[in-house]
Each structure stands twice: as C-alpha cells, then as structure tokens.
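Before any comments, here is the structure.
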Amino acid sequence: MASQSLHHHFASLRLRTRQPLKPSPRPLTVAASKNPPLPGRKLRAAVIGGGPAGSSAAESLASGGVETFLFERSPSSAKPCGGAIPLCMLDEFDLPHSLVDRHVTEMRVISPSNITVDFGKTLRPHEFIAMLRREVLDSFLRSRAESRGAELITGLVTDLELPRSSSSPYVVHYTSGGSKRSLAVDVVVGADGANSRVAKSIGAGEYSYAIAFQERIRLPDEKMKYYENLAEMYLGDDVSPDFYAWVFPKCDHVAVGTGTVRSKREIKAYQRGIRERARPKIEGGQVIKVEAHPIPEHPRPVRVRGRVALVGDAAGYVTKCSGEGIYFAAKSGRMCGEGIVKASEGGARMVGEEDLRREYLRQWDDRYVSTYRVLDLLEKVFYGSNWGREAMVELCGGEYVQRVSLESYMYKRLVEGDRWEGVKMAASTVATLVRCKIMSGEMGRLKAIA
Amino acid sequence: MSISMALFSPPAPNLRTLLSSPRSLPKPRLTLKPSPSLMPKAPAFFAVSASSDNGAGAVPSSAVAVEEQGEPKVAVEPAKEPERENGSVASAPEEGAVAVAKFNDSRWVGGTWNLKQFQKDGSTDWDAVIDAEVRRRKWLEDNPESSSNDDPVVFDTSIIPWWAWMKRFHLPEAELLNGRAAMIGFFMAYLVDSLTGVGLVDQMGNFFCKTLLFIAVVGVLVIRKNEDVETIKKLIEETTFYDKQWQATWQDDNSGSSKNG
C-alpha cells in the first residue's frame, strides 16, 4: 500500500527579480513556435491542489521538463467522495491493484416503488468497478508526481496575484509552516476543487452545484457480507428530488448518502429517507463519520484565462447522471499538463492563453463534450420525476442497456453497438417512458378524486 | 403517437420545475415539494395529503373508500407519523407492537401481481392490473418503504400487452383530437370555398392548402393545451442550456488574451 511520504520543503522567498523577457507575441496564423524562448531557465508552473487533478497535472508537467510546484494544504485528509473509479483509469494511470479496496461487480438499482434491478449480469470476469479510499489514491498520485520531479509544497494558497503585464509572472501567496510566503511562476494550473480560489482570482465565474451528503456506517459482519461486491442506488422523491441516493461499500464500512441540487436545505430529510429505505440492510450499524461536499453541476463560464487553466472539480468537470468526477479530474489534469509541455516545447518556451486553449481546452471539449451532453440528457429525462425513475429502472433490466452503459462507463468510449439492438432499445425506451408517464397521470387522477 | 407527444407536454409541474430550475440555486419558492418526512399523514386508504406531484399544500381527506374493488388495506397507524417527523437519526425506533404500514393487497403475491386474481370473463382484466399497479406506486410514493431482500419487488409493466394501453389511453385521446381536427377542417374548407369558390377537391390539389393542412395536423398533435406552448419553449431553452454552459468559456474575451499575458 502506498505510504504517505511527505517531504516538507520550506521554500525560501522565491520572488525573483524581473527577467528580461520579450513581450508575448501577437496571435499569428503561422503555427510554428512563436513563443519566446526562456533565457537560461525552464518554464515554472504552479499546480494548486494536490488531488487527482493536481497530481496528474504535476506529473505530466514534471515529466515533460517543466519546473513544477504542487501545492496541497492537507495531504493526509480524506476527501468525502464516493470513491468509485472506472476500469480504464487503472490502466491509463498505472494504478496498482493494491490500491483498490473492493471490486464491485453488482449494482442494484431500486425504484421509488422498490422495483429492483441487478446491474452487472453482463460484466466479464475481469471487469469490475473499483472502490478505493481517496486518501490512499491521492497520496499515491502525489508521491508519484513528486518522484517525477515535482516539488510538493504543503501549504494553503491564500491568493494568486495576477501579472501586471504580459511578461511578468504570477505570484502565488501561501502560508506554510506558520509563515507567509510567495512564489513567482509563469503558468498556474488551478486544481483546488469545488471552492477554487484560483477560479476566484481569475474571475472564472460561478456554477451551480449539488450537495452530496453521506454517512459512513460500520455494519455488523453478516450485513457487511451482503455488500461485499455490491453497491446500491436508490431512486425516489423521498431520497432525492433530482439525484440518487446510494449505499457504497468501502474498505470495512459502507457509505450511505444522497445528494441534491435544488433542495439543499432538506438534505437531512433526504438522508433520513435513504436510511429508512435501506433500513433492514443497515440496521444495527454505527455511524463513524458524517461528511458533505459540493459537486459542480456544469463547467465554469471561464476555464482558461491568461496563463491560468482550471482542471478537475475547479473547472466543473463532474458528469451528470452518475456524478463521476475522479476520472475526469485526473484526465483533465493530465491533458492540461501535456498541453503545456507541448506548447512550451518541454519547458523551453513561454506559453500564452492561446496555447492553453488550443492544446488543452480544445482537446478536452472535442473529446468529452458529447459524453457530458448525453449524461445531461439522461439525467433530465430519468431523474426528474418518479415516473422517469420507474422507467429507468425498468429499462435497466434489459441486457443490452446494461452492457452499453457499463461498457461506456468502464472504458469511456462509445461501444460499437448492434444496430438492431439499438433500435430495439430506443423503441423500448419510448414505450417504457410512455407507460410510466400514463401511470403517473393515473396516479394524479387518483389524487384528484379523493 | 399522441401519447408519446404527451411526454413533451406534461401537465405535472414537477417536470416543469425540473425544466426551469435544475441549475439555479435553490430559492424557497421553488422547493414546492414538502419533504415526505414532514408531511402529515391522514389516516386514509390512499394518503391523499399532497405528494410531490402537485406540490400543493397538505390536503386533508376523509377516509375515502374510493374504488369498487375494495382491496383490504392496512390502515395507517397514526403512531407512524412521529417516527418520521422526529429528527432522530438513529435507526428507526421500533416498538414491537406498532405495525409499520406496508403496502398490502391480496393480489400482490411474491413481489408481483398475481394475474390469476385479475380474471374477468375468462381473460385477464388488464385495466384492473394497471389500476392496481398505479395504486401501489401511489401508496409507496406517499409512504416510502424500505426495500428488503426478503421480499423483492419484481413486477415489470411490460407484461401488460400493448393493446391494453392503446385501448384505454390512446384511443380516447385520439378520438378527441381527430374530432377536433375534423370539425376545424370542415369549417375551414367551407370558409375557403365560400371565399374563393375553390371546392374541396381543388383545395387539396393546391400546394399552399396542403402546407396549411400539414401545419394544422402537426399543430394539433403538438399543442393540445394552452400550456403546451410554454412547455415547448422551455424545453427548447433547456436542451440548449447545458450546451451553452460548455461553450461559455469559448465566448470569453477574444481580444483580452493580451491583457493578462
């Protein structure tokens, strides 16, 4: 298991005197390197936030030859999180299997009227949903970034000073070890999460967010056995008006929680709802921790400004419908880091806003916007009302639906589907929605009579 | 077809609130749904105190023995209420004697409807099955039950044949719409004939008339109530909203790139 190796580097005051840099170029149409080469030093990058996004960015930057500083305010804290990552992340990020606490092979989806469907019939033997502890994953990624050459700074970033001219550096003000320090860098990657300070400094704008609330409950052994490889997802107005509630197994306990966007004040009531819905299965358990966290609902209006780029939760890259954020955070960090390395030709040249947009933002949007859009559509249709949820559970019983959804979740690519099956799936989707909508209309009529 | 159009013109406000506000920060007026645990439960067969669908305030109801089938139901114990309304976070305090109301129906066997009990004149009465399932869902919406592994629910609405749905729901509405269309069509044909002298057969040959006819048919299908116009406008705005949020960063200062270096 990855050990938490923290090196406390107390950086001395690093405000350097102005380097005689050439002014950044006007945008040219010719693509050949137009950025001025940096005289006698490498490009300096500060990555604010040491979670999956920040660590991946720092790793890519440092491996590419950029002088990287990774800021993390509390390396040992466990972030509140579902803790599920797709299979492709284990491969793409070379994560050792020893990090994984549980291999979830069965997912149970439960409708408002308790109709239950088992997801996972189509999983092959080597496929699973990996559940792990965030503190374990985060510290592994951080120490790997460090081993690639990034300098880890334990401290809280208090302010990001914007440069006065195009050739002056960004100054990161932070407190570390009780004293105030600052660091001048050329490029900043904001990976500091949902309440990003970097985003505030560059005026990136706000996003609406959901509140995720969960309680970690230690169950008696025989009840824990039920959740050994099984995660549950509950739907219904009693547990969430616009999202789902869950029971996810963790290393030696379960996380029972729910989330909502529009009824944040009633989150406690929804938590009671999920406790009630899962009661026979979690009765007798002991609550060991209560935690809550905001989850962004959509990207910030501005994700790149000047020589600052936002990645991960700070940018708002959480998908709808499943609320998945870890993979996209790490991937965006990596893509941003690689983009900076490419634009600066291994740290030799300065980079500008255009480079960040072209190498990072454009690549990201081109690759993933359709994924986000599809999930947004699914959430709108299936999570908004009880009849939509009933329809979803009914559809999830179908084998083709299960295969397509699980494969696209695990491998993050649209699977080559059987066209005829696709047509059948579309038809049965419409049919199910129609049936459930009719039933809901009848339910409303019953109410009106009495 | 008209039923599927019903999807896009829902009368229920919850779809509309979904459409209009999934992304705004919660304002009190938008939280129309009182959380289930705070709703008073009247001791009625079908707890008609408002559930989330209508968002109305709690409607007191007398015990209404509504339907002709007369299924036995477990009466809701008033003692159930404090269990929900207390803020106690510990797992539910259970006194052995208090019966927690569960959905109960003699025809609901083993987590699904026993079709043999729905026989009418030798064949299954699908309308009754639909009614029973609707009641069950409504009951559970108002009184959410914990799901247990011992008696899982396995009912699937697809066992009800498609023609049962058509006969009961689609045909009456189709009749209505066709009737309206026929009345309007007759009147318009008469009007055009009296104004222009062009008879019905010649009208159908004219391209302009055919276009108008097409618009009329589509209009009747899509817009069946006055509220539908608003709903469609909101739907269009909603479907593009998420996209706009993604594109927002590209709208950003094109000229400002030199400002911050």
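The values are calculated or read from the model by the stated rules, or taken from the named source; none is laboratory data. Since the model is a prediction, treat every value here as computed from it, not as a measurement. No Cβ is skipped: glycine too gets one built from the backbone with ideal geometry, and neighbour counts run over all protein chains shown.
Among the listed residues B:126, B:113, identify the single one that is among the aromatic types (Phe, Trp, Tyr), touching a Lys or Arg at 6+ places or on another chain (Cβ under 7 Å) and either assigned by the TED database to the domain that holds residue B:217 or buried (at least 17 other Cβ atoms within 10 Å of the Cβ) (or both). Lay out the reasoning, then the answer.
Working: B:126 fails: touching a Lys or Arg at 6+ places or on another chain (Cβ under 7 Å).
After applying the criteria, what remains is B:113.
Residue pairs whose Cβ atoms lie under 8 Å apart, sitting 6 or more positions apart in sequence or on different chains, and linking a residue in region B:174-193 that is more than 15 Å from residue B:210 (Cα to Cα) to a partner that is charged (D, E, K, R), are B:177/B:224. Among all residues of region B:165-175, there is at least one that is farther than 30 Å from residue A:393 by Cα and at pLDDT 85 or above.
Please enumerate the residues belonging to region A:296-305 that are in contact with an Asp or Glu (Cβ under 9 Å, 6 or more places away or on another chain) and either crowded, with 22+ Cβ neighbours inside 10 Å or among the charged types (D, E, K, R) (or both). Outline the logic, then answer.
Within region A:296-305, the subset in contact with an Asp or Glu (Cβ under 9 Å, 6 or more places away or on another chain) is A:296, A:298, A:300-305.
Passing the criteria: A:296, A:298, A:300, A:303, A:304, A:305.
The residues of region B:238-252 that are within 30 Å of residue A:307 (Cβ to Cβ), surrounded by 13 or more Cβ atoms within 10 Å (Cβ to Cβ) and at pLDDT below 80 amount to a single one, B:252.
Select, from A:426, A:448, the only residue that is surrounded by fewer than 17 Cβ atoms within 10 Å (Cβ to Cβ), more than 10 Å from every other protein chain (Cβ to nearest Cβ) and aliphatic (A, V, I, L, M). Quick ask: steps written out before the conclusion?
Working: A:448 fails: more than 10 Å from every other protein chain (Cβ to nearest Cβ).
A:426 is the lone residue from the list that is surrounded by fewer than 17 Cβ atoms within 10 Å (Cβ to Cβ), more than 10 Å from every other protein chain (Cβ to nearest Cβ) and aliphatic (A, V, I, L, M).
Could you identify the single residue in B:212, B:195, B:235, B:191 that is in a helix (DSSP H, G or I), under 29 Å from the mean Cα position of the chain (by Cα) and either at negative phi or at pLDDT 80 or above (or both)? Talk me through it step by step, then tell me what you get.
Numbers: B:212 fails: under 29 Å from the mean Cα position of the chain (by Cα); B:195 fails: under 29 Å from the mean Cα position of the chain (by Cα); B:191 fails: under 29 Å from the mean Cα position of the chain (by Cα).
Only one candidate passes the filter, namely B:235.
The residue that is farthest from residue A:245 (Cα to Cα), among those in region B:135-167 that are acidic (Asp, Glu) and within 7 Å of chain A (Cβ to nearest Cβ), is B:156.
Given region A:158-270, what strands (runs of 3 or more DSSP E) lie entirely inside it while holding 3 or more residues that are buried (at least 17 other Cβ atoms within 10 Å of the Cβ) and β-branched (Val, Ile, Thr)? Talk me through it step by step, then tell me what you get.
Working: elements: A:170-176, A:179-185, A:187-190, A:209-218, A:230-234, A:245-249, A:254-260.
Where strands (runs of 3 or more DSSP E) fall fully within region A:158-270 and carry at least 3 residues being buried (at least 17 other Cβ atoms within 10 Å of the Cβ) and β-branched (Val, Ile, Thr), they are A:187-190, A:254-260.
From the residues in region A:294-308 that are assigned to a strand (DSSP E or B) and more than 7 Å from every other protein chain (Cβ to nearest Cβ), which one is nearest to residue B:244 (Cα to Cα)? Here the answer is A:296.
Filtering region A:273-322 to residues that are closer than 30 Å to residue A:351 by Cβ and of a type in the set (A, V, I, L, M, F, W, C) leaves A:302, A:304, A:308, A:309, A:310, A:311, A:314, A:315, A:318.
Okay, residues lined up against (1) over 30 Å from residue A:210 (Cβ atoms); (2) within 13 Å of chain B (Cβ to nearest Cβ):
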position	(1), (2)
A:155	no, no
A:163	yes, yes
A:167	yes, yes
A:176	yes, no
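Of the candidates A:439, A:443, A:392, the single residue that is at pLDDT 90 or above, over 30 Å from residue A:34 (Cα atoms) and either away from chain B (no Cβ under 11 Å) or in contact with a Lys or Arg (Cβ under 7 Å, 6 or more places away or on another chain) (or both) is A:392.
If you check residue A:311 against the conditions, is it among the hydrophobic types (A, V, I, L, M, F, W, C) and at the interface with another protein chain (Cβ under 9 Å from one of its Cβ atoms)? Show your work before the answer.
Numbers: among the hydrophobic types (A, V, I, L, M, F, W, C): yes; at the interface with another protein chain (Cβ under 9 Å from one of its Cβ atoms): no.
The answer is no for residue A:311.
May I ask you to verify whether residue A:148 is among the charged types (D, E, K, R) and within 14 Å of chain B (Cβ to nearest Cβ)? Criteria not met by residue A:148.
Number of residues in region A:271-287 that are farther than 18 Å from residue A:108 by Cβ, out of contact with any strand residue (DSSP E or B) (no Cβ under 7 Å at 6 or more places or on another chain) and either more than 7 Å from every other protein chain (Cβ to nearest Cβ) or surrounded by fewer than 18 Cβ atoms within 10 Å (Cβ to Cβ) (or both): the value is 1.
Taken together, the criteria place residue A:331 among residues that are away from chain B (no Cβ under 13 Å), assigned to a helix (DSSP H, G or I) and either touching a helix residue (DSSP H, G or I) at 6+ places or on another chain (Cβ under 9 Å) or in contact (Cβ under 8 Å) with a residue 60 or more places away in the chain (or both).
Select, from A:411, A:368, the only residue that is over 30 Å from residue B:165 (Cα atoms) and either within 14 Å of chain B (Cβ to nearest Cβ) or in contact with a Ser or Thr (Cβ under 7 Å, 6 or more places away or on another chain) (or both). Lay out the reasoning, then the answer.
Values: A:411 fails: either within 14 Å of chain B (Cβ to nearest Cβ) or in contact with a Ser or Thr (Cβ under 7 Å, 6 or more places away or on another chain) (or both).
Step by step, each of A:411, A:368 is checked, and only A:368 is over 30 Å from residue B:165 (Cα atoms) and either within 14 Å of chain B (Cβ to nearest Cβ) or in contact with a Ser or Thr (Cβ under 7 Å, 6 or more places away or on another chain) (or both).
Quick check on region A:354-377. Is at least one of its residues assigned to a helix (DSSP H, G or I), touching a Pro at 6+ places or on another chain (Cβ under 7 Å), buried (at least 20 other Cβ atoms within 10 Å of the Cβ) and not aromatic (Phe, Trp, Tyr)? Within region A:354-377 (the criterion being assigned to a helix (DSSP H, G or I), touching a Pro at 6+ places or on another chain (Cβ under 7 Å), buried (at least 20 other Cβ atoms within 10 Å of the Cβ) and not aromatic (Phe, Trp, Tyr)), the answer is no, since none of the residues qualifies. Of the residues examined, residue A:74 is not one that is within 14 Å of another protein chain (Cβ to nearest Cβ), in a loop (DSSP other than H, G, I, E, B), more than 22 Å from residue A:254 (Cβ to Cβ) and touching a strand residue (DSSP E or B) at 6+ places or on another chain (Cβ under 9 Å). Residues considered: A:126, A:97. Of these, the only one that is at pLDDT 90 or above and away from chain B (no Cβ under 14 Å) is A:97.
Residues being part of a loop (DSSP other than H, G, I, E, B) and among the small types (Gly, Ala, Ser): count how many of those fall in region B:108-159. Even if it seems obvious, please write down each step before you answer.
Within region B:108-159, the first condition is being part of a loop (DSSP other than H, G, I, E, B), and the residues that meet it are B:110-111, B:114, B:121-122, B:125, B:143-152, B:154-156.
Narrowing further to those that are among the small types (Gly, Ala, Ser): B:110-111, B:122, B:146-148.
Total satisfying the criteria: 6.
Among the residues of region B:152-187, those identified as among the β-branched types (Val, Ile, Thr) and over 21 Å from the mean Cα position of the chain (by Cα) are B:153, B:154, B:184.
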